[in-house]
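Take a look at the structure set out below.
Read-outs throughout are calculated quantities, based only on the coordinates presented, and are distinct from any laboratory measurement. Keep in mind it's a predicted model, so treat the numbers as computed, not measured. Don't worry about glycine lacking a Cβ; one is built from the backbone with ideal geometry, like all the others, and counts go over all protein chains shown.
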Amino acid sequence: MWQATQRTVRWSTTDKNDPSVAQAIEDAYWVAVQRRVNRIRNYDAERQTGRWSDSWLDAAIGRDYSLWLTAEDLADLDDELAGLMERFRARSNAHRKRFETDPPADTEMVFVVLTAFPLSQET
């Protein structure tokens, strides 16, 4: 089974100095955004058709926040969330090692999206 060797991908602003690299980064960004949107739409369709039990529907997370932060605050938030996600990634890996190829009936792959960016006042 194929598995990514990296946990996350992140480019620095200096990577964008080369126009071909900048275009590749932009293309990859939009592919990732569309993939996220498609996964959310698929989940919503499954939710509406009864694919998921009440316990999964109750556990699903759908929140958004608008916060007044500085760039430093946002970087701190990213660090905190990344630390939290790494703890849950370790839990996920422990689950996966226990069941190898066949997860228990109460275990599902969960897609988590964390996105935070500044909003224009006109938005």
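Quick notes on this one:
- Two-site FRET efficiency, Arg47 against Met109, from Cβ-Cβ distance with R₀ of 22 Å, rounded to 0.05: 0.90
- The length gained by stretching the chain between Arg96 and Ala22 to full extension, at 0.36 nm per residue less their Cα-Cα distance, is 23.0 nm.
- Radius of gyration over Kirkwood radius for the chain, both on Cα atoms: the Rg/Rh ratio is 0.99.
- Taking the centroid of alpha carbons for each part, the stretch 22-66 and the stretch 82-98 are 20 Å apart.
- FRET E, pair Glu72, Trp30, Förster distance 30 Å, beta-carbon r, rounded to 0.05: 0.60
- Helix 71-99 axis, angle to the chain major axis (alpha carbon atoms, nearest 10°): 30
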